[in-house]
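Following: one structure in structure tokens, then a few remarks.
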Amino acid sequence: MKKQIFLLGLLVIISCKETTNRDYSSIVLWKDNDETSEIAANQDHEKPRMQYKLIQSRVSDKNEIFRPLYHEVAEMSEAEYEQLKPLILEQDIPTIQQHIKDGKINYEKLVRFFLYRIYLFELDSKTSLHTIIALNENVVEEARELDKLTAADRHPIFGMPILLKDNIGTEGMNTTAGAIALMGNETNDAFIVEQLKKNKALILGKVNLSEWAYYMCNGCPLGYSAIGGQTLNPYGRRVFETGGSSAGSGTAVAANYAVAAVGTETSGSILSPSGQNSVVGLKPTIGLLSRTGIVPISSTLDTPGPMTKNVVDNAILLSAMTGKDAADAKSVSTSEDFVGAVSVPGSLKGKRFGVFKDLLETDSIYLKTANKLRDLGAVIIEFTAPEVSMDGFLTLLNIDMKNDLPEYLNAHVQNKEVIPMRTLKDIVEFNLADSLLRVPYGQSIFDGILKDSTSLDELQLIKNRLEKNGRLFFDTPMDQHQLDAILSINNYHAGFAAVAKYPALTVPMGYRETGEPISLTFISKQFRERSLLKLGHAFETATKIRKLPATFK
């Protein structure tokens with residue numbers, strides 16, 4: 001039987017259609033129903049990997065987030081929503097654009113569809129993934145304006161609703177990194193957001209993340225932030241991890257809350273939640289996408305990246321964000337045709353892939369996938385990874401964050417009277433003033449950063465050594481066997497790719513017996529994104545692994 005979930009009070013309003021003059025300023029859309037006590041009572045039965053202290057945010061009011069667009073959502077009936085499902089749900093961008101061109105839908109209806117889904121699931125305490133932190137109150141009007149424009153030479157991202165990880169600067173919505181310390185942080189658009197808007201993408205809203213991009217506390221649950229609460233996995237609420245730190249980006253895409261989302265990665269923060277939520281995630285080469293306007297961990301390793309339901313959309317979103325940024329010293333221009341790379345399915349015949357012997361022996365899905373690739377004509381070379389040292393990795397992150405965060409606070413916080421903190425030490429002291437509310441899992445990593453006295457000269461030696469070792473890890477088998485890519489699982493080798501500054505693309509590979517997603521990760525040398533997208537697209541087309549979470553159909 002089809003599951004019927006209705007928002008509190010929404011059914012009556014939809015059926016009556018009395019929306020024009022109705023005042024929603026005091027309507028209650030969400031009633032607090034914290035699941036933490038229920039989880040504690042069922043710990044022995046559920047055996048969660050993460051021990052949650054709380055699920056709901058103690059500082060954010062979902063009613064304040066969802067009221068402003070409630071009248072727009074109420075304009076869509078359940079019947080219209082159901083009619084739109086086959087046109088939008090799980091469809092790629094070219095297909096949706098064709099439906100719009102054919103007059104079957106328009107950009108306004110596309111936005112309403114995704115808003116309807118968000119309200120439908122996120123305002124029900126039994127299905128909420130606690131993934132939406134903010135919504136763009138003007139998004140429906142912006143979609144209407146796009147519908148008025150005559151057809152022209154448009155980027156395929158035109159009119160597509162996109163969600164952003166809440167460490168990416170966006171005018172009109174606060175940029176919090178999930179932290180109470182930045183709760184009122186007003187910023188201009190990050191460079192990549194400027195590029196998206198230039199290409200007429202629609203910024204739908206902001207999504208939850210692991211607070212401070214999961215570089216604040218040891219052992220805290222992935223996907224938790226004080227602002228957003230605990231992000232939950234649509235394939236297994238309270239059962240499977242969401243991955244981090246781009247947890248909201250992964251869960252929102254998996255649940256079809258938008259066409260696509262943007263995440264960020266320092267080491268595994270796109271690959272991990274993409275793998276855990278059965279979506280396609282690309283961690284680009286450092287510099288391919290600008291970092292300006294993004295709350296940093298490390299100017300050495302940070303990068304944003306696209307997270308999508310399929311490889312075609314990934315290429316489209318990537319291309320919509322590229323551009324040379326004079327404010328980012330590592331930013332590069334590119335003329336690569338990422339969209340063209342996936343315009344037709346490629347072949348895997350003759351492609352040479354390196355696979356880790358130890359993973360073949362320990363993961364049956366990885367082994368099955370390697371055999372499938374052989375059947376598709378690929379050449380599979382088994383190898384044992386060279387042993388290289390990653391000593392100093394945390395020191396790199398520590399000293400970079402100690403220096404990069406103050407630069408961000410000084411350069412990008414527009415309302416400094418509201419956000420007076422200027423250093424990491426200021427933020428640590430702010431958190432200590434009410435640690436149970438602000439840092440319920442502690443801030444041990446922040447404490448470690450403050451204690452780290454590594455000099456900048458020492459740091460540079462560490463950076464050089466790690467980059468050399470990271471490239472040795474991949475280049476040894478790649479050069480020896482003339483590989484097109486090395487194949488990993490989820491974020492298993494994200495740290496090596498991070499320090500090597502190599503790109504990595506993860507694509508759904510299967511589901512374990514429990515239903516937990518698992519992904520195949522393609523890794524190659526710098527600026528080989530186009531090749532990775534072609535390989536990922538060929539694999540995706542041949543296997544068609546991804547499926548919707550059962551509750552979110």
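Pairs of Cα atoms in the stretch 300-340 fall into 10 Å distance bins, from 0 up to the last occupied one, in shares of 27, 50, 23, 1 percent.
Taking all Cα pairs closer than 8 Å and separated by 6 or more residues, the relative contact order of the stretch 352-473 comes to 30 percent. For Glu429, Glu516, Glu417, Glu82, the ranking by accessible surface with the largest value first comes to Glu417, Glu429, Glu82, Glu516, using a 1.4 Å probe.
For Leu437, the shell of other residues with beta-carbons less than 12 Å away shows a net charge of +2, using +1 for Lys and Arg and -1 for Asp and Glu. Computed from the C-beta positions of Asn371 and Thr476 and an R0 of 22 Å, the FRET efficiency is 0.35 to the nearest 0.05.
Entry comment: accessible area of the stretch 428-502 is 46 Å² per residue, from protein heavy atoms only and a probe of 1.4 Å. Computed across the stretch 249-294, the Kirkwood hydrodynamic radius from all distinct Cα-Cα pairs reaches 11.1 Å. In plain terms, if you count all Cα to Cα distances in the stretch 177-266 and split them into 5 Å steps from zero, the share in each step is 3, 14, 21, 24, 20, 12, 5, 1, 0 percent.
Placing pseudo-labels 7 Å out from each Cα toward the beta carbon at Gln51 and Ala550 gives an inter-label distance of 3.0 nm. Simple rule: put +1 on each Lys or Arg Cβ and -1 on each Asp or Glu Cβ in the stretch 398-528, find the dipole, and look at Tyr408, Gly510, Val428; the Cα lying farthest toward the positive end is Gly510. For the stretch 148-213, a Kirkwood hydrodynamic radius built from all Cα pairs, placed in the Stokes-Einstein relation at 4 °C and 1.567 mPa s, yields a translational diffusion coefficient of 102 µm²/s.
Over all orientations, the stretch 394-553 has a Cα convex hull whose mean projected area works out to 14.5 square nanometres. Accessible surface of the chain, 1.4 Å probe: 49 percent of it comes from carbon and sulfur atoms. Placing R0 at 41 angstrom, the Cβ-Cβ distance between Gln98 and Asp358 gives a FRET efficiency of 0.35 after rounding to 0.05. So if I take the centroid of the Cα atoms in the stretch 432-494 and the same for the stretch 384-410, what is the distance between those two points in Å? When both Cα centres are located, 5 Å separates them. Beta bridges assigned by DSSP with both partners in the chain are antiparallel in approximately 65 percent of cases.
Summing Cβ point charges (Lys, Arg +1; Asp, Glu -1) relative to the Cα centre of the stretch 449-553 gives a dipole of roughly 360 debye. Take the cross-link list Lys372/Lys534; Lys351/Lys547; Lys349/Lys544; Lys468/Lys534; Lys31/Lys165 and give me the ones stretching past 23 Å between alpha-carbons. As for pairs spanning more than 23 Å Cα to Cα, those are Lys351/Lys547; Lys468/Lys534; Lys31/Lys165. Of the trypsin sites (Lys or Arg not before Pro) found in the stretch 475-529, none is in coil by DSSP with at most 11 other Cβ atoms within 10 Å of its Cβ. Fully extending the segment from Glu82 to Asp452, taken as 0.36 nm per residue of separation minus the present Cα-Cα distance, adds 127.6 nm. The stretch 86-105 and the stretch 349-373 have Cα centres spaced 35 Å apart. Ligands, DNA and RNA aside, Ile286 has an accessible area near 10 Å² when probed at 1.4 Å. What you get for the chain, charging only the Cβ of Lys and Arg (+1) and of Asp and Glu (-1), is a dipole of about 1340 debye around the Cα centre. Principal axis extents of the C-alpha atoms in the stretch 427-495 (largest first, rounded to whole Å): 56, 33, 11.
A straight line joining the Cα centroids of the stretch 241-272 and the stretch 135-207 runs 17 Å. Considering the stretch 373-436 at the alpha-carbon level, its Rg and Dmax are found to be 22.1, 62 Å. Read through the labelled values (1) 89, 25, 20; (2) 34, 29, 23; (3) 37, 26, 24 and report the label of the one computed as semi-axes √(5λ) of the Cα gyration tensor in Å from the structure. The listed entry that was calculated here is (2). The mean sequence separation of alpha-carbon pairs under 8 Å and at least six residues apart, normalised by the residue count of the stretch 343-424, gives a relative contact order of 26 percent.
With R₀ fixed at 35 Å, the C-beta to C-beta distance from Gln526 to Asp426 puts the FRET efficiency at about 0.45. Our summary of shape: the Cα atoms of the stretch 473-553 have principal axis extents of 44, 24, 19 Å, ordered from largest down, in whole angstrom. Across the chain, Cα pairs under 8 Å and at least six residues apart give a relative contact order of 15 percent.
The values are calculated or read from the model by the stated rules, or taken from the named source; none is laboratory data. Worth saying up front: this structure is predicted, and the values here are computed from it rather than measured. No Cβ is skipped: glycine too gets one built from the backbone with ideal geometry, and neighbour counts run over all protein chains shown. With ligands, DNA and RNA removed, areas are computed over all heavy atoms of the protein, side chains included. Shrake-Rupley method; radii C 1.70, N 1.55, O 1.52, S 1.80 Å.
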